[in-house]
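Written out below as structure tokens is the structure these notes cover.
Just so you know, all these numbers are worked out from the coordinates, no wet-lab data involved. For clarity, every value in this text was computed on a predicted model and none was experimentally measured. Neighbour counts run over all protein chains shown; Cβ positions are idealised from the backbone, glycine included.
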Amino acid sequence: MNPLQVDQFKKFKNEITRFMMVYKFALDAMETKIEILQEEFHFLHDYNPIENTKSRLKSPESIIKKLYRKGFDISFSSIKNNIKDIAGLRITCSFISDIYRISEMLRNQHDLKILEVKDYIKTPKPNGYQSLHMLIEIPIFMSDRQELVCIEVQIRTIAMDFWASLEHKIFYKYNQAVPPRLLQELKEAADSASLLDQQMERLHREIEEIKEEQMEDAEEELKRIIINDQQFSLPAALLALIDTGSVKVDVEGEVKVELPPAP
């Protein structure tokens, strides 16, 4: 290379590095948001809907191949306008209801803009693939400007993720020329995974209902006193004072009731 070519090469390298870094930073920012949600559920709730996350960044080679395949111009503006899955984040959940719960949490974050949603759970692909896809725009603040970056977020259950991962490996092994018999078996496996998800969702819902009933029974038990096999209910007025915080226990364990002023 002559000096001019070297200089041009360095300039192009810097431009593509800067272009890809923006998507990397967008992934970092989105992963931080998910980590915050995980921490919140860990400390404040008895159940965490997020099992794990995995991110990936398309290589420049894959991006160029996709541009060629779709017939788009080769330029940075063309890439940004036409390739929406350069940055990808996959969120895995235990139950189907968790998927929609997480998607709603992302919708409620004011700095995120939902560009598109494809629900392959309510309407699976012909091969049986199921997942919820969201194109989300997130702002990234660089040293000299703000960039609005698109990320593809896929939210799926463990069963959906297991099936999709194996389906991808089988297609890769056969170079996408999978025999019809195996395609049929893959579809049947997807249907089985879907039935498993529905069964686990039903069990999850029933267990939650049992927990709620047990909590209600425990609350009722607290309102009763048993002496010599005889039950006494706590007076409604005393329960009302407890609700208002008028009943307190001091450091010595003595219960004190703060009565309201006389009318």
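Remarks
- Subtracting the Cα-Cα distance of Asp119 and Ser59 from 0.36 nm times their residue separation leaves 19.0 nm of extension gain.
- Estimated vicinal HN-Hα couplings, Hz - segment 15-31 in sequence order (Karplus 6.51, -1.76, 1.60; Gly, Pro = x): 5, 6, 5, 5, 4, 6, 4, 4, 5, 5, 5, 5, 4, 4, 5, 5, 5
- Net charge of neighbours whose Cβ lies under 12 Å from the Cβ of Asp161, counting Lys and Arg as +1 and Asp and Glu as -1: 0
- Computed from the C-beta positions of Glu31 and Ser143, the FRET efficiency with R₀ = 25 Å rounds to 0.70.
- Cβ-defined net charge surrounding Ile121, 12 Å radius [Lys, Arg +1; Asp, Glu -1]: 0
- Under 16 Å from the Lys66 label point (7 Å along Cα→beta-carbon), backbone N, segment 103-123: 115-118
- Formal net charge of residues neighbouring Ile86 (Cβ-Cβ distance under 12 Å; K, R +1; D, E -1): +4
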